[in-house]
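Down below is the structure, laid out as structure tokens.
The values are calculated or read from the model by the stated rules, or taken from the named source; none is laboratory data. These numbers come from a predicted model, not from an experiment. Cβ placement follows ideal geometry from the backbone for every residue including glycine, while neighbour counts extend to all protein chains displayed. Surface areas here come from the heavy atoms of the whole protein model, side chains and all, with no ligands, DNA or RNA. Shrake-Rupley method; radii C 1.70, N 1.55, O 1.52, S 1.80 Å.
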Amino acid sequence: MRGELRCPLCGFRTVPSAVPLPCPTCRVPLDYRPDPPAGSTAAGLTGRGVWRYAPFLPTVDPITLGEGGTPLIPSLRIGPRLGVNLLFKVEGTNPTGSFKDRGAAVLVAVLRSFGARAVADDSSGNAGAALAAYAARAGIRAVLYVPAHASGPKLAQIEALGAELVRVPGPRERATDVVREACAKDPDLLYASHNASPYFVAGLTTLAYELGEEGRIPDHVVVPVGGGGLFLGLVQGFAQLRDRGWIGRVPRLHIVQPEACAPLVRAGGGGDPVEPDPRATVAEGARIPRPKRGREVLAALGAVDGDAVMVGEEEILRGQAELAREEGIWVEPTAALAVAALPALIARGTIGPGEEVVLPLTGHGLKAVNPC
Ligand SMILES: *Cc1c(COP(=O)(O)O)cnc(C)c1O
Ligand SMILES: [Zn+2]
């Protein structure tokens, strides 16, 4: 496989392997750095969606369900009301209903190329649903370790896609411990670890490539953050586009977390360091109290001149309702974090009048319907 793995903090380098260890010095997950074949240019891209950018991804046999190539749609009411030029990147149109398909397609393809026959992960949410779909497509067994209390449409989706569910009693972190133990015992079972895998983040860089190819690099991108993979994928993608001369400058990227679980916003100086309470927020995708890539997110935030904001539960639900009723786009609450953060970013002068802002709307509203 072309490309290499690199530590984002100290520059340590190594060759790609199926389940890479963290940096031996910094203990953080490694990043994938592509090594495109000579002559790979924007003009030479073919096809649609994630694999259109194959020269800039780990070189493997693609697995596709039609991921990526999502629409970029102008806001008709929220943007004009706030006085900014607002655009939505509608990721709910991905095959399983969230941007996680971009990462899962690449991750499962890489694991298959290393001979994987079974993959495991700890997610009761969109990453689990995406892994289940791509594993099914690849003919690979998927085992998902989920907290015993997990329920709802995402879990139903995971089960429908044929993944094995292992319910783990206790707090969310317990599922991570159990999946590690299971993979250590069974050499056939690879820990896909979407929150730490360089290949998952590599797949997410395609969102930046798509925006870059639209030719309009916005002034700002506002990103809902849980594990931080989407934010890092965007940062890496835009940096690659700039280094290759495809774009002249990179946008400023800002992070948003729910007040109830905002470890990165608080660590970045945006509030008192209170203990996160993941179950106190409707933003399921951001219920990650100790993100594995937290240090990397904070380091990258400085590099892209990013701001960090927290939003309350009412603001999240109001943002979700406004997107649905005023724009016709129904998203799950986690995706509404970005729109909920706009008033604060404008009030503090981070986003100026008339500036162009892209919001990745990360997941479909059907992902989080209340049980009737
Ligand atoms: C996973 C997820 C997020 C957060 O993405 P990270 O890469 O974990 O930071 C945001 N929105 C939705 C809908 C998600 O599923
Ligand atoms: Zn390091």
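Note on the stretch 353-372: among residues that are touching a residue at least 40 places away in the same chain (Cβ under 8 Å) and part of a loop (DSSP other than H, G, I, E, B), the one that is nearest to ligand 1 (Cβ to nearest atom) is T362.
Of the residues G228, G285, the single one that is at positive phi, among the small types (G, A, S) and surrounded by 24 or more Cβ atoms within 10 Å (Cβ to Cβ) is G228.
Among residues of the stretch 319-333 that are assigned by TED's automatic domain parsing to the domain that holds R81, those with a Cβ under 8 angstrom from a residue that is surrounded by fewer than 24 Cβ atoms within 10 Å (Cβ to Cβ) and among the hydroxyl-bearing types (S, T, Y), sequence gap 6+ or separate chain, pair up as E327/S75.
Scan the stretch 190-209 and give yes if some residue there is within 19 Å of L57 (Cα to Cα), more than 13 Å from ligand 1 (Cβ to nearest atom), free of Cβ contacts under 8 Å to residues at least 40 places away in the same chain and open to solvent by less than 20 Å² (accessible area, probe 1.4 Å), otherwise no. Yes - at least one qualifying residue is present in the stretch 190-209.
Residues in the stretch 323-345 that are open to solvent by less than 50 Å² (accessible area, probe 1.4 Å) and part of a helix (DSSP H, G or I): 16 in all. Restricting E159, E164 to residues that are open to solvent by 10 Å² or more (accessible area, probe 1.4 Å), out of contact with any Lys or Arg (no Cβ under 9 Å at 6 or more places or on another chain) and not hydroxyl-bearing (S, T, Y) narrows the list to E159. Here F114 meets the list (1) within 19 Å of the chain's Cα centre (by Cα); (2) aromatic (F, W, Y); (3) surrounded by fewer than 16 Cβ atoms within 10 Å (Cβ to Cβ) almost entirely, failing just condition (1). Taking the criterion of being in contact with a strand residue (DSSP E or B) (Cβ under 9 Å, 6 or more places away or on another chain), open to solvent by less than 10 Å² (accessible area, probe 1.4 Å), touching a residue at least 24 places away in the same chain (Cβ under 8 Å) and in a helix (DSSP H, G or I), would at least one residue in the stretch 299-312 satisfy it? Taking every residue of the stretch 299-312 in turn, none turns out to be in contact with a strand residue (DSSP E or B) (Cβ under 9 Å, 6 or more places away or on another chain), open to solvent by less than 10 Å² (accessible area, probe 1.4 Å), touching a residue at least 24 places away in the same chain (Cβ under 8 Å) and in a helix (DSSP H, G or I).
Here is a list: P278, P263. Which entry is touching a Cys at 6+ places or on another chain (Cβ under 8 Å), in the same structural domain as E91 (by TED's automatic domain parsing) and either within 25 Å of V90 (Cβ to Cβ) or surrounded by fewer than 22 Cβ atoms within 10 Å (Cβ to Cβ) (or both)?
The match here is P278.
Elements of the type strands (runs of 3 or more DSSP E) sitting completely within the stretch 1-102 and holding at least 1 residues that are away from ligand 1 (no atom under 16 Å from the Cβ) and without any contact (Cβ under 8 Å) to a residue 40 or more places away in the chain: these cover 4-6, 31-33, 72-74. The C-beta contact set for the stretch 114-142 (first residue assigned to a strand (DSSP E or B), second residue of a type in the set (F, W, Y) and open to solvent by 10 Å² or more (accessible area, probe 1.4 Å), distance under 7 angstrom, 6+ apart or interchain) comprises A120/Y145; A120/Y191.
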